[in-house]
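Trainee: My structure is below; once you've seen it, I'll send some questions.
The values are calculated or read from the model by the stated rules, or taken from the named source; none is laboratory data. Every value quoted in this text rests on a predicted model; they were computed, and no experiment measured them. As a convention, Cβ positions derive from the backbone with ideal geometry for all residues, glycine included, and neighbour counts pool all protein chains shown. Quick note on the areas: whole protein, heavy atoms, side chains included, nothing else; ligands and nucleic acids left out. Shrake-Rupley method; radii C 1.70, N 1.55, O 1.52, S 1.80 Å.
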Amino acid sequence: MLALELLVAKQLPERGPLAAVYGDDDYLRREVLMRLRGGESAAFFTGKEADWRDVHDALTTMSLFGDDAQVVVVEEADTFVTANRDKLENWVKSPQSARTLVLEVKTFPKTTKLAKATEKVGLAVDCGVPSDNKGGRLNKFTSAAKKWLAHRAKHVHQCELDRTAIDRLFDLLPMSLGLMDQEVAKLSLLSDSGVIDLPLVEANVGDWRTRQTWDMIDAMVEGRSAEAMKQLDKLLAAGEEPIPILAQVAYTLRKFATAGRLVEQAEAAGRRVYLPQILLEAGFWKNKVDDATQQLKTIGRPRAVQLSRWLLDMDLAMKGYNSGHDAARLELERLIARLSDAAKPARVGR
């Protein structure tokens, strides 16, 4: 099954005893893993460190408290599959519980016994992006990706994505679905009507300013206030407006705010705080988790849990009493100062 088909499906297909999530697109793999969980609790293992006995125990051991994980995920599982192929084949043939083992792998050759067995009773989801148009593969993928982006705009970002706007996004951006999702999230905040149309896309997407803003955000969350101020100066001097800059900043900072809340919830429940998993749940791409972990530690818990309020106050100010260009700029500079390394944050977690 193709990842984009799964992500827009109204009903989740049967997972069976084993589901393989494979392919070279990190964003698609992460989104598919979340969809396969379906809101259920999950146990996570890292493939390079996972032992079959521990994974098997997670699949078969019943908890006295009824909080069992119904999905057991082994991430980066290529080496795990190689080392335990016979055990995995036996699990697919004769599962000992109704739980699903999910393997996140880069490759899952259809010619292997494991893949053939999974195709019969489980689920294999292709998260690859075609590198060429042989047999019309890239054209088919692009068509499916456009339908997916419209679906995600409606159901995740609560906005309508005009057909001409979709086509323009695919003209302006590389074939990176994660990047497209980020841009739609930003545009949804800029749209007053709830519709993302062609003029809105052309005014805010696809040039060096977008990349410059991401560089500025990195400097902000890493406490490098002088560099962040410098990047902000360049953006404003080039004609960028403060409110679109805030929209892009808010998209990232809200994820850190979510992560801060998840840390507090985990500690309140007496659970171990594992930041990489928390940041994944907060919405960061897997290949950005290492950087985001260090950035969250730099932000610190006291500031992380205040980010949502700061952003709301800024949004109200920049659309109200501080709507003038210079006043709105001051709001952005104040946020940079709040996140500077001058304030010593408290430890967030491990």
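Trainee: Solvent-accessible area per residue for the chain at a 1.4 Å probe radius, Å²?
Mentor: Ligands and nucleic acids excluded, the figure is 50 Å² per residue.
Trainee: Per residue, how much space in cubic angstrom lies within the convex hull of the C-alpha atoms of segment 1-120?
Mentor: On the way: hull volume 12.4 nm³, N = 120.
So the per-residue hull volume is 104 Å³.
Trainee: Right, another one. Quick query: amide H of ALA124 versus all other amide H atoms, modeled in the peptide plane; which residues come in under 5 Å with a sequence gap of 5 or more or a different chain?
Mentor: Counting only residues 5 or more places away or on other chains, the set is ALA20.
Trainee: List, in the order given, every pair from LYS134/LYS255; LYS10/LYS116; LYS113/LYS147 whose Cα-Cα distance in the structure shown is over 31 Å.
Mentor: Distance filter (> 31 Å) returns LYS134/LYS255; LYS113/LYS147.
Trainee: Please report the carbon-and-sulfur percent of the accessible area for the chain; probe 1.4 Å, protein heavy atoms only, DNA, RNA and ligands left out.
Mentor: Numbers: 8700 of 17410 Å².
Exposed carbon and sulfur together represent 50 percent of the surface.
Trainee: Now a separate question. For segment 198-319, what mean projected area does the convex hull of the alpha carbons give, in nm²?
Mentor: Taking a quarter of the hull surface, the average projection is 8.4 nm².
Trainee: With springs connecting C-alpha atoms under 10 Å apart, model the chain as a Gaussian network and identify which of PRO244, PRO276, PRO109 has the largest mean-square fluctuation.
Mentor: PRO109
Trainee: Report the charge-dipole magnitude of the chain in Debye, nearest 20, computed about the Cα centre from +1 at each Lys and Arg Cβ and -1 at each Asp and Glu Cβ.
Mentor: Values: 50 positive and 50 negative charges, 141 e Å.
About 680 debye.
Trainee: Still on this structure, please answer the following. What does the charge count around TRP148 come to, taking other residues whose C-beta lies under 13 Å from its C-beta (Lys +1, Arg +1, Asp -1, Glu -1)? Could the numbers behind the result be given before it?
Mentor: Details: positive: ARG35, LYS140, LYS146, LYS147, ARG152, LYS154; negative: GLU5, ASP25, GLU31, ASP181.
Summing Lys/Arg as +1 and Asp/Glu as -1 gives +2.
Trainee: Okay, moving on. Taking a probe of 1.4 angstrom, what is the accessible area of GLU119 in Å², to the nearest 10?
Mentor: Rounded to the nearest 10, that gives 150 Å².
Trainee: Starting from the Cα-Cα distance between ASP326 and GLU49, subtract it from 0.36 nm times their residue separation and give me the gain in nm to one decimal. Show your work: numbers first, answer last.
Mentor: Working: separation 277, 0.36 × 277 = 99.72 nm, distance 5.30 nm.
That works out to 94.4 nm of additional length.
Trainee: Can you give the helix-only mean residue ellipticity at 222 nm for the chain, where every DSSP H stretch with n ≥ 4 adds -39500 (n - 2.57) and the sum goes over all residues, rounded to the nearest 500 deg cm²/dmol? It would help to have the intermediate numbers written out before the result.
Mentor: On the way: 18 runs with 204 residues, N = 350.
-18000 deg cm²/dmol, from helical runs alone.
Trainee: For semi-axes √(5λ) of the Cα gyration tensor in Å, which listed value, (i) 29, 23, 20; (ii) 39, 26, 16; (iii) 35, 27, 19, comes from the coordinates shown?
Mentor: So the calculated entry is the one marked (ii).
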